[in-house]
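Trainee: One structure follows; several queries about it will come next.
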């Protein structure tokens, strides 16, 4: 188990329905989980101190076997209060529900003592991105959110933390600053550590709920607290998002999902109509205008020569007696 992924940053949420307001106070007044939205982040490497060449180090004690992670219920001060929420009423896309259940089942086989329930993954997915449907994103039948889900640019402006680019824009499309990515909203550096292939397609896609859900389960099971007790569960949710309001909201959605789940049919994004190819219209064949017959010139009839009537022959003389 790799520990030490508990650093978080504060960012603002993508568009999502407003949660039910609560009277529980926070630093900013009433609860507004999306105003203090935080993302798990890998810690920076700590430099090692250089030893002096003249100092001989004492022999190292025999290394002890690493202690198994234990629940820190007694040491955890994270409230376990549950705030009723209407978030669960919107339901879960069918493909996302299958992904959450498969991720929990996979981690139960790999790490039986972790005990990550699918309801927890689903509740986190609901708060973080509406199950991969924040903004204009649609959860497709393959589990891929189209277009991808991205948090705000973490450039240090306003309430946002300053996190310079760690992935060369590979995941978030930003080569200057980082952004939270995918339906479970990881930072690129965290995804590089916990990325998993949840659907067996040979890819680790942070925008695919199969992979993102399994990565979130991996992250939750890497902590030093266990999820089988109320205190351990709350402490681990707090690792994912260091906000008491966030913990209470997730616990409330998780409880409702455990009691009853509304399954929402998965929809494909609307396809843009293909542009019609303009075919040049063929000109209609022009009918030849009826030509007027040229006036026929009268053919001259050859005149016959005048008929000469024979002159009467003279009477023949009568002979004398």
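Trainee: Any idea how far apart residue 162 and residue 136 come out in nm if each label point goes 7 Å out from Cα toward Cβ?
Mentor: Going from the residue 162 label point to the residue 136 one covers 3.2 nm.
Trainee: So for the stretch 144-243, averaging the separation of alpha carbon pairs under 8 Å that are six or more residues apart and normalising by length, what relative contact order in percent results?
Mentor: Values: 156 pairs, mean separation 19.0, N = 100.
Relative contact order, the stretch 144-243: 19 percent.
Trainee: Please give the contour-minus-distance gain from residue 153 to residue 94: 0.36 nm per residue of separation, less the Cα-Cα distance, rounded to one decimal in nm. Mind dumping the intermediate values first?
Mentor: Values: separation 59, 0.36 × 59 = 21.24 nm, distance 3.03 nm.
Answer, rounded to one decimal: 18.2 nm.
Trainee: Shape verdict for the stretch 187-268, please, from the Cα gyration tensor: rounded (a/c under 1.5), prolate (a/b greater than b/c) or oblate.
Mentor: Judged from the Cα gyration tensor, the stretch 187-268 comes out oblate (a/c at least 1.5, b/c at or above a/b).
Trainee: Taking a label point 7 Å from the Cα of residue 262 along the Cα→Cβ vector, which residues of the stretch 78-111 have an amide N closer than 16 Å to it?
Mentor: Hits in the stretch 78-111 for residue 262 at 16 Å: 85-94, 97.
Trainee: Which residues does a label at residue 175 reach in the stretch 140-165, if reach means a backbone N under 19 Å from a point 7 Å past the Cα toward the Cβ?
Mentor: The answer is 153-155, 163-165, whose backbone nitrogens lie closer than 19 Å to the label point.
Trainee: Using mean Cβ contacts within 10 Å as the protection proxy, how do 119-130, 148-159, 256-267 order, highest first?
Mentor: On the way: 119-130: 26.3, 148-159: 17.6, 256-267: 14.1.
Top to bottom by mean Cβ count within 10 Å: 119-130, 148-159, 256-267.
Values in this text are rule-based calculations from the coordinates and carry no lab data. From a predicted model like this one, the values you see are computed outputs, not experimental measurements. Here the Cβ is made from the backbone with ideal geometry for all residues, glycine too, and neighbour counts use every protein chain on show.
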